[in-house]
Amino acid sequence: MARSRIRPEQPRISEPDVAEDLVEATLTRSGEVRDARIALPPGSTDAAHSRLDGSVIASGAVDSLDVSGAILSDVAVDGLSAVEVIARHSTWRTVVIRGGRIGTLDLSRARMDGVLLDGVRVEYLSLSAAVLLDVEITGCRIGTLDAPGARLERVRITESQVEEFDSRELQLRDLDLRGLDALSFTDIRALRGATLTDAQVAAHARALAIAVGIDVQD
């Protein structure tokens, strides 16, 4: 007899494979960087359509980092402080971001596979129409999580706070939200199939009732 699948299935995430001896390097548009330690300049960096492999982006304070259309594989980002990180249409494979503060993190239409956001503060996180496979968000504080039309599979959020979660038209499988403290969801019906705790369901009971057509009055 086949064993029943344990739900929700947890994300499969590993640490980036980064070499011990790293060279110093800078990011450029359409450039390629491998096995490097990268210190970003304090202003703006245009690294759109670049490729970054087996590298570390060091802590620092910057205005803007543009990695739109870029491919990041086995990359660790430590304590980055940025006004904005633009990563639309980018591909992230085995990427870890630890600590730091980002005003806007735009991952619209990005593909993320084996990604960890750990202890990051983000004012505005856009995942519009993005694909997230094996992703964990832990210990993060997020103002607005904007994810209309996103596909989430084996995604877990733990010990994290979100003020507003735009959940319209989510496509999800094995979405574990038991560690999420969310003030509101734009469309709570889109969470069909997600895993929540009893306390979370009770906290959003009014929204759930209205979503199924119950006339709720005081």
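Structure notes:
- Within the shell of other residues whose beta carbon sits under 11 angstrom from the beta carbon of LEU27, the net charge comes to -1, with Lys and Arg scored +1 and Asp and Glu -1.
- Net charge dipole size for the chain [Lys, Arg +1 and Asp, Glu -1 on Cβ; Debye, nearest 20]: 700 debye
- Region 64-126: C-alpha gyration tensor shape, a/c 1.5 cut-off, then a/b vs b/c: oblate
- TYR124-GLU169 FRET efficiency (beta carbon distance; Förster radius 22 Å; 0.05 resolution): 0.70
- Listed options for Rg/Rh (Cα atoms, Kirkwood Rh) are [x] 1.04; [y] 1.02; [z] 0.94. The value calculated from this structure is the one marked [y].
- Full extension of the chain between SER59 and ASP21 gives 11.9 nm of extra length, using 0.36 nm per residue less the Cα-Cα distance.
- Sites excluded, trypsin sites (Lys or Arg not before Pro) in DSSP loops with at most 16 other C-beta within 10 Å, longest stretch of the chain: 30-167
- Looking at region 131-218, the GluC sites (Glu not before Pro) that sit in a DSSP loop and have at most 16 other Cβ atoms within 10 Å of their own Cβ are GLU159, GLU169.
Since every read-out is calculated from the coordinates, none of them should be taken as a lab result. Computed from a predicted structure; not experimentally measured. When we count neighbours, we look across all protein chains shown, and the Cβ atoms used for this are built from the backbone with ideal geometry, even at glycine.
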